[in-house]
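Shown next, in structure tokens, is the structure this report addresses.
The values are calculated or read from the model by the stated rules, or taken from the named source; none is laboratory data. This one's a predicted model, so the numbers in the text were calculated from it and none came from an experiment. A quick note on method: Cβ atoms are made from the backbone with ideal geometry, for glycine too, and the neighbour counts reach across all protein chains shown. Side chains included, ligands, DNA and RNA excluded: accessible areas come from the protein's heavy atoms. Shrake-Rupley method; radii C 1.70, N 1.55, O 1.52, S 1.80 Å.
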Amino acid sequence: MGIIKAKDVIYEYMRRDEEGNVEGITRAVDKVSLDINQGDFIAILGHNGSGKSTLAKHMNAILYPTEGTVWVDGKDTREEEELWNIRQSAGMVFQNPDNQIIGQVVEEDVGFGPENMGVPTKEIWERVEESLKAVGMYKFRKHSPNKLSGGQKQRVSIAGVLAMHPKCIILDEPTAMLDPNGRKEVIRAIRALNDVEKITVILITHYMEEIIYADKVYVMDDGKIAMQGTPREIFSQVEKLKSLRLDVPQVTLLAYELKKRGVDLPDGILTTEELVGALKQNRKG
Amino acid sequence: MSLVLDHVSYIYGEDTPLSMKALNDICLEIPDGQFIGIIGHTGSGKSTLVQHLNGLIKASRGHIYYNGEDIDGKEFDKKKLRSNVGLVFQYPEHQLFEIDVFSDVCFGPKNLGLPQEEVEARAKEALAQVGLSEEFFTQSPFELSGGQKRRAAIAGVLAMKPQVLILDEPTAGLDPKGRDEILNQIKKLQTETGMTILLVSHSMEDVAEYVDRIIVMNQGSVMFDDEPREVFRHYKELEEVGLAAPQVTYIMHALKEQGMLVDVDVTTIAEATEEIVKCLETLH
Amino acid sequence: MLRDITLGQYYPEESVIHKMDPRVKLGGTVLYIISLFFMKNILGYMIAALFLGLVIKLSKVPFKFMVKGMKTILMLLMITVVFNLFLTQGTPIVTFFGKISITWEGLELAVFMAIRLSFLIIGSSVMTLTTTPNNLTDGMEKMLGFLKVFKVPVHEVAMMMSIALRFIPILLEETDKIMKAQIARGADFESGNLIQRAKAMVPLLVPLFISAFRRANDLAMAMEARCYRGGEGRTKMKPLIYQKNDYLAYAALVLYLIISIGIGRLTLF
């Protein structure tokens, strides 16, 4: 069993009208099964309302499945006595950078998680230092979070989770509210966590260029897993992605259009270098 | 009929130790009917700039003329200006407040003091322009999906019948399809009504297909102001200030370096496809 | 603009005062304020000024930041001065309309009151400028910890205060933005009578409340995800332990109290 495993997970919630009567039941997650290996970089893609965030919230026991089971590090998320262990081993970063920073000073915010866990004072300081260094925010440790840019705030949030020494970090659209520079900084920090610290990363996003480095991609639609595979496998299905309200990077789209026009190119081109290389081959051939 | 900015500067907290220059000597002319993209990263002054155009912020130096009249002049009617130059803020759905979508859209025209009939006619027209059908009129704005909320909010400004429409990051937080839908709707609006549209964005790729002109803002100044293809020629300079030309620009330049005789000025995927196919055909 | 409000803002600096235990600063501020109300002569105020000056010097915070807080209470200060000036009985200096007069006693009281209030504001500014709000709530939590015996949720109240403090600037900025957006839609927040103005606030308040609730909801989730479960079993990153300097500060404070009140209460004239 991997670090996170879901089996036939269904999540339903009731819609109520103004008087509080049940109007209907919405199924946000529909029979999802997945198994995530320790150390992997996983991306979960999907349009707004596809159920990807709801699924993510099952991975650190903020939500519980209506049916089916989720295991985090081998523990069933419904076992109440394991709740805090689960939340410690699977940390979560949310979308809005302003609404998840509790501390008034960067270092105090990063210390918040370890404080809650009852970590001794001296060790809290060590953890705060190493976490802030890991995301490149150590020199801002005395700053007020209100004065930071969006990308910097999200890096502080990541450090805050990192200081809890999790085995896995779930990032729920961490870049949706950032500008391109902020997005780049955050993605760089996330990749470093995976490469250097060997932490399992589950990145939920709808930006296609962010998933190129993932080991495995799941695409969600209507609460179900609609596609899964390596980024290359996913990106080779341009039409299918479009029907799921997603798009592909310009270079992949260009390669796809060229192929349609009879140019001989491999499937699922992800970078400019790949396309240029393939076209060069083409000219020779 | 046009907007003219004449040496406009804006300084935050002037005469305090924390004063900061947000806009620096901006000169621009915005003629009628253009579709313009204003590009810059956070803090480049692009949002401050557009708030000057409908008089929400007063320039520290310089003058802004709407149809030849100084908007800070004594006789000038600011309220009228705000109906003529409509401004849709970032995440406009955060300003919805009425019990149903229709009443919310009516808020703007009602503030103009129009008769009830006219108010309702305008609201209907505006909702049609953003592609929201009648079934949504009676719904609470808070029950709509993200994309629908945003449309409702844009309709709220359109209902004031502006001649110039400014949208600050209208696609922020939307998924790719939602983004394309909104941008296409705006393009359609522009073609049908001939309205002047200013689209503030931090993504060149998003606006390249739609706009006639790109104004690049950097550190409170205008860095480039030209047709998209002319602006993207400076892709190296753009990169230095943390902005990027569309990926297709990079691809075309890389191909040219490899000795392929392609036009590096193309801005869209469709144009690029044609270019490459043409180039390969002449080879074979 | 709204975001220019600086009252209660922390000024980062490495100084003896910044490093001092918040309990010392809290207690010190309270005692200092009390001392101001015990003084009866100029000499006492001179000692108080000297003490305050010394603390400001030690804190390394530029003086202009101290005075900033004054602007917000300038009106209150003026009213107090005017009231004292005109409504105190005693020997008149000048008389208007044969009825209202400024008296020597009134003048003295007005001057003393102005000094008191200014020192009070500057004194509290020194505390807020040199103590992070978190640190301050920590101090209060610890000082009032004995209330736990009476089932007062001291930790929870302290946590709420520190969160509120963090969100004030964010919500102010948001208010500013919503206001502008509604003005762009022709809203008028400035003219009309009281009822019209109250009605005009609806388009501002509804979105603001919705936003505040959304933020509160997000924050609660984020805190839970980071294992927050109340004060029980929690350790502190910055625990409050008295250092040598803190004892010295207490000693200095006591010394100041004895001297200032002792001298301040002498009747010299």
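Look at C:Ala110 and say whether it is away from every other protein chain (no Cβ under 14 Å), open to solvent by less than 20 Å² (accessible area, probe 1.4 Å), in contact with a helix residue (DSSP H, G or I) (Cβ under 6 Å, 6 or more places away or on another chain) and over 30 Å from A:Glu107 (Cβ atoms). Write out each step before concluding.
Values: away from every other protein chain (no Cβ under 14 Å): yes; open to solvent by less than 20 Å² (accessible area, probe 1.4 Å): yes; in contact with a helix residue (DSSP H, G or I) (Cβ under 6 Å, 6 or more places away or on another chain): yes; over 30 Å from A:Glu107 (Cβ atoms): yes.
So C:Ala110 passes the test.
Name the residue, out of A:Val29, A:Val93, that is in contact with a Leu (Cβ under 7 Å, 6 or more places away or on another chain), within 14 Å of chain C (Cβ to nearest Cβ) and crowded, with 24+ Cβ neighbours inside 10 Å. Quick ask: steps written out before the conclusion?
Values: A:Val29 fails: within 14 Å of chain C (Cβ to nearest Cβ).
Just a single option satisfies the conditions, and that option is A:Val93.
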Checklist entry - Would a scan of region B:11-31 turn up a residue that is closer than 30 Å to B:Ala244 by Cβ, within 14 Å of the chain's Cα centre (by Cα) and open to solvent by 50 Å² or more (accessible area, probe 1.4 Å)? => result no
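How many residues are at the interface with another protein chain (Cβ under 8 Å from one of its Cβ atoms) and not polar (S, T, N, Q) when one looks only at region A:243-261?
Here is the first cut: in region A:243-261, the residues at the interface with another protein chain (Cβ under 8 Å from one of its Cβ atoms) are A:245-247, A:249-251, A:253-254, A:257-258, A:261.
Adding the requirement that they be not polar (S, T, N, Q) leaves A:245-247, A:249, A:251, A:253-254, A:257-258, A:261.
Residues flagged as at the interface with another protein chain (Cβ under 8 Å from one of its Cβ atoms) and not polar (S, T, N, Q) within region A:243-261 amount to 10.
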Expected single match for open to solvent by 30 Å² or more (accessible area, probe 1.4 Å), hydroxyl-bearing (Ser, Thr, Tyr) and in the same structural domain as C:Asp21 (by TED's automatic domain parsing) among C:Thr72, C:Thr103 is C:Thr72
Exception for B:Glu281 within (1) at negative phi; (2) in contact with a helix residue (DSSP H, G or I) (Cβ under 6 Å, 6 or more places away or on another chain) falls at (2)
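Pick from region B:240-264 the residues that are more than 9 Å from chain A (Cβ to nearest Cβ) and aliphatic (A, V, I, L, M): which of them is surrounded by the fewest Cβ atoms within 10 Å (Cβ to Cβ)? Quick ask: steps written out before the conclusion?
Filtering region B:240-264 for residues more than 9 Å from chain A (Cβ to nearest Cβ) gives B:240-241, B:245, B:249, B:252-253, B:256, B:261-264.
Add one more test, that the residue is aliphatic (A, V, I, L, M), and what stays is B:241, B:245, B:252, B:261-262, B:264.
Values: B:Val241: 14, B:Ala245: 23, B:Met252: 27, B:Leu261: 11, B:Val262: 20, B:Val264: 20.
Result: B:Leu261.
Conditions tested, residue by residue: (1) within 30 Å of C:Phe51 (Cα to Cα); (2) of a type outside the set (Asp, Glu); (3) not in a loop (DSSP other than H, G, I, E, B).
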{"position": "C:Gly192", "(1), (2), (3)": "no, yes, no"}
{"position": "C:Leu204", "(1), (2), (3)": "no, yes, yes"}
{"position": "C:Ala212", "(1), (2), (3)": "no, yes, yes"}
{"position": "C:Asn217", "(1), (2), (3)": "no, yes, yes"}
{"position": "C:Glu224", "(1), (2), (3)": "no, no, yes"}
{"position": "C:Leu240", "(1), (2), (3)": "yes, yes, no"}
{"position": "C:Ser260", "(1), (2), (3)": "yes, yes, yes"}
Taking region B:57-69 and keeping only residues that are under 23 Å from B:Lys161 (Cβ atoms) and surrounded by fewer than 19 Cβ atoms within 10 Å (Cβ to Cβ), one is left with B:Tyr65, B:Asn67, B:Gly68, B:Glu69
Within region A:268-283, of all residues that are under 16 Å from B:Val248 (Cα atoms) and at the interface with chain B (Cβ under 10 Å from one of its Cβ atoms), the one nearest to the chain's Cα centre (by Cα) is A:Thr271
Check: Does at least one position in region A:4-14 carry a residue that is more than 14 Å from chain C (Cβ to nearest Cβ), of a type in the set (Ser, Thr, Tyr) and open to solvent by 60 Å² or more (accessible area, probe 1.4 Å)?
Finding: yes
Among residues of region B:98-128 being hydrophobic (A, V, I, L, M, F, W, C), in a loop (DSSP other than H, G, I, E, B) and touching a residue at least 24 places away in the same chain (Cβ under 8 Å), the residue most open to solvent (accessible area, probe 1.4 Å) is B:Ile99
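Quick one: which of C:Met237, C:Met223 is within 12 Å of another protein chain (Cβ to nearest Cβ), within 30 Å of C:Glu156 (Cα to Cα), buried (at least 16 other Cβ atoms within 10 Å of the Cβ) and within 26 Å of the chain's Cα centre (by Cα)?
Values: C:Met223 fails: within 26 Å of the chain's Cα centre (by Cα).
Only one candidate passes the filter, namely C:Met237.
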Filtering region A:128-149 for residues that are modelled with pLDDT of 95 or more, within 10 Å of another protein chain (Cβ to nearest Cβ) and open to solvent by 30 Å² or more (accessible area, probe 1.4 Å) leaves a count of 0
- Would it be correct to say that B:Tyr66 is more than 10 Å from chain C (Cβ to nearest Cβ) and at pLDDT below 95? yes
Among residues of region B:163-182 being under 15 Å from A:Arg183 (Cβ atoms) and touching a residue at least 40 places away in the same chain (Cβ under 8 Å), the residue nearest to the other protein chains (Cβ to nearest Cβ) is B:Gly173
Given (1) assigned to a helix (DSSP H, G or I); (2) surrounded by fewer than 16 Cβ atoms within 10 Å (Cβ to Cβ); (3) without any contact (Cβ under 8 Å) to a residue 40 or more places away in the chain, C:Val152 misses just (1)
In region A:201-241, anything within 13 Å of chain B (Cβ to nearest Cβ), closer than 28 Å to A:Arg27 by Cβ and among the aliphatic types (A, V, I, L, M) is listed as A:Ile204, A:Met208, A:Ile211, A:Val219, A:Met220, A:Leu241
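Restricting to region B:166-194, count the residues that are part of a loop (DSSP other than H, G, I, E, B) and crowded, with 19+ Cβ neighbours inside 10 Å. Reasoning before the result, please.
In the first step, residues of region B:166-194 are kept if they are part of a loop (DSSP other than H, G, I, E, B); the result is B:169-175, B:194.
The next check asks that each one be crowded, with 19+ Cβ neighbours inside 10 Å; those that pass are B:169-171, B:173-175.
So the count comes out to 6.
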